[in-house]
Amino acid sequence: MAQLDLTVADNPISETGELIDTVPIEKFQNATLAPFWSLKGLRARWADPLFRKMLRNILLLAWSWSLGEGAFFIQISTTTLAATSFVNWHLATIPIGCMLFIGTIWSVLLPLAIDRFGYRPPLYIGALMGMTGAAFCMVAAWYKLYWLLVVGASFLGGQVPCTLYYRLLALQFSTQEFAPKAIAMVIAGGCLSSVLGPEIAKHTVNALPKPYSGAYLTTLCECTLLLLTMTMIQFQDIKKKDYAVVSTSPSEMASGSNSKTNRSVFAIASQRIFLIAALGGFVSWSAMAVQMSATPLAMTGAGHSFAQATTAVEYHLLGMFVPSFFTGTLCNWFGSRLVMLTGFLVQLTGALLFQRGHKDIRTPLSVDDTDTEIPA
């Protein structure tokens, strides 16, 4: 046995079954692939069926992100003004508030549901909630039912955290090398929806006899396409005994380590770094929600057209997603806290400018005028 071990040690075997000495040295020197964006690198990766499968899933996720965010952006552009035409303008922001509230609750339940049932059922439920909410909103716009508009917007809130989860799912399909590119590709879908969502709202608000109902019909179609796209994505199977909340760390994905940890939610929430991140998210998202829901109301009340108000929302959305392409680089250069502080200052500047140009809001359409075409 000792002699056999010595023989193996002296003549190591390669993965192909050949002696190391007989394998060309070039195979080991060229083990590292060429850069991704080079023609040689693309050819080498495209020859790998696993790479093609990964790229297909990531592109489908990017398309899903675009559809989900597009439906959300149509809501932002339309719902506040639709509510204003039903009831007193003081109640106009409640539907958007309910949508974001339900979205917040579902964002807490979504990882737990994925841990228990896998990816497909929770994400399917999110798309179905979006379809249901869009249908309710369309009926509400047709029959001027404010309470149904609130219910419909609340259902649409269930789709919001599912859409935000798609960019994290991109890491589940990608290798460590491709992870930054995967996130960038999904976010590119968000940039596309930032333009398509408001533009669709502009051109469909009067598509049906009743104002705003055409925009909600488009939302219903987008959520339906989203559900169909979800059926085409090849999700990984998650076993509850092996997985907790799915890890999105590229290093853990590369090593295959995705096992449960013993830390409780309270242990995580008590960490200083978590509290800073949670506070930053609370301030930025709450300020953004206020501005997104109030801007169409303020602009139309000041005499601007629906198209102009929607264009303002469109640029706001581009401001949300375009910096994502270089924010990571800035964090590496200057640190995440400085970048976060800079973002707060930029957001504060925008809020001050908003107040500077603010005028008294007047209801753009009375309840008796809701059968008339919305001025473009």
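The rows are residues; the columns are (1) assigned to a helix (DSSP H, G or I); (2) over 30 Å from residue 214 (Cα atoms); (3) modelled with pLDDT of 80 or more; (4) of a type in the set (Phe, Trp, Tyr).
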position	(1), (2), (3), (4)
283	yes, yes, yes, no
344	yes, yes, yes, yes
347	yes, yes, yes, no
353	yes, yes, yes, no
360	no, no, no, no
363	no, no, no, no
**Asked** Here are 128, 148, 171: which of them is out of contact with any His (no Cβ under 6 Å at 6 or more places or on another chain) and crowded, with 22+ Cβ neighbours inside 10 Å?
**Response** 171
**Prompt:** Among the numbered criteria (1) part of a helix (DSSP H, G or I); (2) closer than 30 Å to residue 87 by Cβ; (3) free of Cβ contacts under 8 Å to residues at least 12 places away in the same chain, which single criterion is violated by residue 294?
**Reply:** (3)
**Asked** If you check 110, 123, which single one turns out to be in contact with a Phe, Trp or Tyr (Cβ under 7 Å, 6 or more places away or on another chain) and crowded, with 17+ Cβ neighbours inside 10 Å?
**Response** 110
**Request:** Could you run through the range 197-216 and say how many residues are of a type outside the set (Phe, Trp, Tyr), crowded, with 19+ Cβ neighbours inside 10 Å and part of a helix (DSSP H, G or I)?
**Result:** 9
**Conditions (1) more than 16 Å from the chain's Cα centre (by Cα); (2) in contact (Cβ under 8 Å) with a residue 12 or more places away in the chain; (3) within 19 Å of residue 60 (Cβ to Cβ); number of the one not met by residue 134** = (3)
**Message:** Quick check on residue 156: is it in a helix (DSSP H, G or I), closer than 26 Å to residue 211 by Cβ, out of contact with any strand residue (DSSP E or B) (no Cβ under 8 Å at 6 or more places or on another chain) and not aromatic (Phe, Trp, Tyr)?
**Reply:** yes
**Message:** Kindly evaluate residue 349 against the criterion of being under 28 Å from residue 66 (Cα atoms) and of a type outside the set (Gly, Ala, Ser).
**Reply:** no
**Message:** If a residue must be at pLDDT 80 or above, among the small types (Gly, Ala, Ser) and under 16 Å from residue 188 (Cβ atoms), how many such residues does the range 311-334 contain?
**Reply:** 1
**Request:** Kindly establish whether residue 93 is polar (S, T, N, Q) and crowded, with 24+ Cβ neighbours inside 10 Å.
**Result:** no
**Request:** Can you work out which of the residues in the range 284-305 that are closer than 24 Å to residue 337 by Cβ, under 18 Å from the mean Cα position of the chain (by Cα) and not polar (S, T, N, Q) is surrounded by the fewest Cβ atoms within 10 Å (Cβ to Cβ)?
**Result:** 285
**Fill in**
How many residues of the range 232-272 are surrounded by 10 or more Cβ atoms within 10 Å (Cβ to Cβ), at pLDDT 70 or above and not charged (D, E, K, R)? The answer is 10
**Request:** Give just the number: which of (1) of a type in the set (Val, Ile, Thr); (2) without any contact (Cβ under 8 Å) to a residue 12 or more places away in the chain; (3) more than 25 Å from residue 285 (Cα to Cα) does residue 175 not satisfy?
**Result:** (2)
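The values are calculated or read from the model by the stated rules, or taken from the named source; none is laboratory data. Quick caveat, the model's predicted, so the values are computed rather than measured. All Cβ positions, glycine included, derive from the backbone under ideal geometry; neighbour counts span all protein chains shown.
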